[in-house]
Amino acid sequence: MKCDLVIPIYNSLSYLQKCLNSILAYTKTNTCHIIIIDDASDSHTHRYLRRLAAEYPGQITLHRNSENLGFVKSCNLGITLGNAPFIALVNSDVVVTPGWLERLVACAESDPRIAAVNPFTNHAAQINLPLAPGANFFGMDEYLQRHAPTAAIDVVTGVGFCLLLRRSVLEQVGIFDEIYGRGYGEESDLCMRLTTQGHRTVVAGNVYVYHQGRGTFTDRGDRYRLNRAIFDARWGQEYQRQFRAFRRADPLRPSRALFTTRQRWDPMPVVWETARGMLAAWRQRDGLGLARSALRGLLRLPMACRPLATPELVCRVTRPGRLRVTYLLNKIVIAGGVLSVIQLVNELILLGVEARIVALFEDPALRDWTPLYTRPLIFRNERELLENFPDSDIVVATLWSTAPWAAELVNRGRASAAAYFLQGYEPWFFPEKQPDTRERVRATYALIPHRIVKSDWLQSMLAGDGYSTQKILLGMNLARFYPRDVTSVRPVVLAMARPNAHQGGFKPTIAALAQIKIAQPEVDIVLFGDRFLDRQGIPFSFRDEGVVTDQNRLAEIYSAATVFLDGSDFQGFGRGGLEAMACGAATVLTGMGGVNEYARDEVNTLLVPPQRPDLFAEAILRLLNHAELRERLIKSGLETAQRFCHQREARETLAYFTRILNENPE
């Protein structure tokens, strides 16, 4: 064994599954021994790790800390448990590429002075190499293997997300200093010890892995400030000297030049970020913070640029001989339907597909919200999109407004076939008083012959309009939505509250919860789904979770709920109800729309008619007052949720796309 692969883990099951799956798939078994340090993760995560270690008894060693020690101590413990000449420290939010470790070790062995090696990645302080527009991390890795200007590039400090270390040197200079507590700065401190004693810290120019970044630390701001002060007190002057020399030499420039393209001014992401910051300051009545946010935004506007996406650039970073699937979104914003598309694109990439996203806008906050294994292609308008769309085997419309684009792209020969990914009955997105709009939306179904729906209900709605569809059940990340180890002192009723959502059922939901608060004042009411619930005149005390963009946080909120209510008039699918079931909450749902794909009255939920707050309240009180009924529905709900795996959805989607192309060869 040349390498001990040390992976410290604290929860974040959805990340670590992808990380461990990629390591097991893309690392030769005779090159490394995997040492997993479970830093007192929750019971669900620990059970998964125990099953995995039992499946690979000779390859994986699992150690569980009796209490949470933090990242630094867990890394040090993992280092001491091995004895191989190299140690690879890997964060659980990393996804590796084929042959990654062999290439890192080869880089280290090219010079005995090399003590630390990083790969390139999309997210890693000053050594990052952003994904090229339209590229995924596998494509970046393959391109670097063919065209890397040099094998080892000297840098000031390595980054701990994926760091190969030479054990013999660590025995001389020591391992991580535990003064850095739970993490941030410890790897920079180690690398300064290395470089000041004549060793090299480098980037392997021919290796690329994916790093979500910010995926495992939730208190990164405070932790960074504290640990940066410790680092600067020790190394500030020497670090600045080395860093200035690094900036002047710019040794990463040749690698970055491989993916450079013309830039265009794109102010909208900065405008959105600035508006979001100003809104937060205004809500807190922080006048100074509001002014600072506005000033920062104004100063950033002249430099707000985005790479100009061209078909030629995308072709360069596309792996040859693979299925090319491109999803069309109007806007990439924080919304459930967009999450479904991103989740599916990610899984298709892991299955070997060159899957991409094309849109007219991307919310910059998205990167902190969900992993995205490809960089979307963002165009200014429809004309630019149609002219610069990358050649694809299949183009997928995701909303009625994108269906004409998909049809036109097939007509222009930019895609061989088109599909329509339908997540709701789109004519009903508009009120009945707009019949012309509803009819115009309905007419888009005729533009594309292949249509994917998520439920029997939606399939029947389109059949009523005369259109055939392929049903592929919605997929949910069950490594994110599972019962968390959280408890509540008092009963909790959780509800989605969306006052501005058409047919969101806001008024009957609030009326029902008011009845609950009168009947059982000790019940805690928790609402989420809107940023301005404090302005709605809600007549009872409640905890406002606002718009929950952190999916782990959302799972914790579901898990703490005794009962979850979705009082919508109808749902295209009703993802919220299924997520709550997966997290172990009893549910009350309205039996309209796609909810009926998984909801069974008195079996795994209580179904009530929409617009009936009296029946909402009656069902909630039944669940609060009858523990046996509640536990029976919870158990059945957990079993139901297991059918809706996102990996299964991706496999079925890939099989359907393959069938489309086989039926319609060029």
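The values are calculated or read from the model by the stated rules, or taken from the named source; none is laboratory data. These numbers come from a predicted model, not from an experiment. Note that each Cβ is placed from the backbone with ideal geometry, even for glycine, and that neighbours are counted across all protein chains shown.
Points worth noting:
- Test: residue in the range 587-595 that is under 21 Å from Val486 (Cβ atoms) and modelled with pLDDT of 95 or more: yes
- Candidate set from the range 412-437 (those that are among the polar types (S, T, N, Q) and within 25 Å of Leu344 (Cβ to Cβ)); member that is surrounded by the most Cβ atoms within 10 Å (Cβ to Cβ): Gln423
- Taken over the range 454-489, the criterion of being in a loop (DSSP other than H, G, I, E, B) and without any contact (Cβ under 8 Å) to a residue 40 or more places away in the chain is satisfied by Asp465, Gly466, Tyr467, Ser468, Val489.
- Subset of the range 152-171 (residues that are modelled with pLDDT of 95 or more and among the polar types (S, T, N, Q)): Ser168
- Complete set of residues in the range 223-240 that are of a type in the set (Lys, Arg) and loosely packed, with under 12 Cβ neighbours inside 10 Å: Arg225
- Across the range 503-530, the qualifying residues are those that are under 24 Å from Val486 (Cβ atoms) and within 29 Å of the chain's Cα centre (by Cα), and the one among them that is surrounded by the fewest Cβ atoms within 10 Å (Cβ to Cβ) is Val526.
- All conditions but one from (1) surrounded by 21 or more Cβ atoms within 10 Å (Cβ to Cβ); (2) out of contact with any Pro (no Cβ under 6 Å at 6 or more places or on another chain) apply to Glu382; the one that does not is (1).
Each row is one residue, and each column tells you yes or no for (1) over 30 Å from Asp391 (Cβ atoms); (2) touching a Gly at 6+ places or on another chain (Cβ under 9 Å); (3) at pLDDT 95 or above.
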position: Tyr425; (1), (2), (3): yes, yes, no
position: Tyr445; (1), (2), (3): no, yes, yes
position: Thr469; (1), (2), (3): no, no, yes
position: Pro508; (1), (2), (3): yes, yes, yes
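- The listed residue being in the same structural domain as Leu344 (by TED's automatic domain parsing) and either under 27 Å from the mean Cα position of the chain (by Cα) or basic (Lys, Arg) (or both), out of Leu409, Leu422, Leu462: Leu422
- Hey, Gln642 closer than 19 Å to Gly336 by Cα and touching a residue at least 24 places away in the same chain (Cβ under 8 Å) or not: no
- Residue match in the range 115-128 (condition: closer than 15 Å to Ile79 by Cβ, touching a residue at least 24 places away in the same chain (Cβ under 8 Å) and not in a loop (DSSP other than H, G, I, E, B)): yes
- Residue count for the range 63-79, restricted to those that are more than 19 Å from Gly181 (Cα to Cα) and buried (at least 20 other Cβ atoms within 10 Å of the Cβ): 0
- Subset of the range 469-494 that is of a type in the set (D, E, K, R) and surrounded by fewer than 19 Cβ atoms within 10 Å (Cβ to Cβ) - its residue that is farthest from Ile557 (Cα to Cα): Lys471
- Evaluated against (1) assigned to a helix (DSSP H, G or I); (2) under 15 Å from Tyr210 (Cα atoms), Leu348 falls short on exactly one condition, (2).
- Residue identified as surrounded by fewer than 16 Cβ atoms within 10 Å (Cβ to Cβ), at pLDDT below 95 and under 25 Å from the mean Cα position of the chain (by Cα) among Cys315, Cys305: Cys305
- On the stretch given as the range 392-431, residues that are more than 20 Å from Asn500 (Cβ to Cβ) and either out of contact with any Asp or Glu (no Cβ under 8 Å at 6 or more places or on another chain) or free of Cβ contacts under 8 Å to residues at least 40 places away in the same chain (or both) total 24.
- Unmet criterion (only one of (1) of a type in the set (Val, Ile, Thr); (2) assigned to a helix (DSSP H, G or I); (3) assigned by TED's automatic domain parsing to the domain that holds Pro376) for Thr326: (2)
- Residue that is nearest to Ala599 (Cα to Cα) [pool: residues in the range 440-468 that are of a type in the set (Gly, Ala, Ser) and surrounded by fewer than 20 Cβ atoms within 10 Å (Cβ to Cβ)]: Ser460
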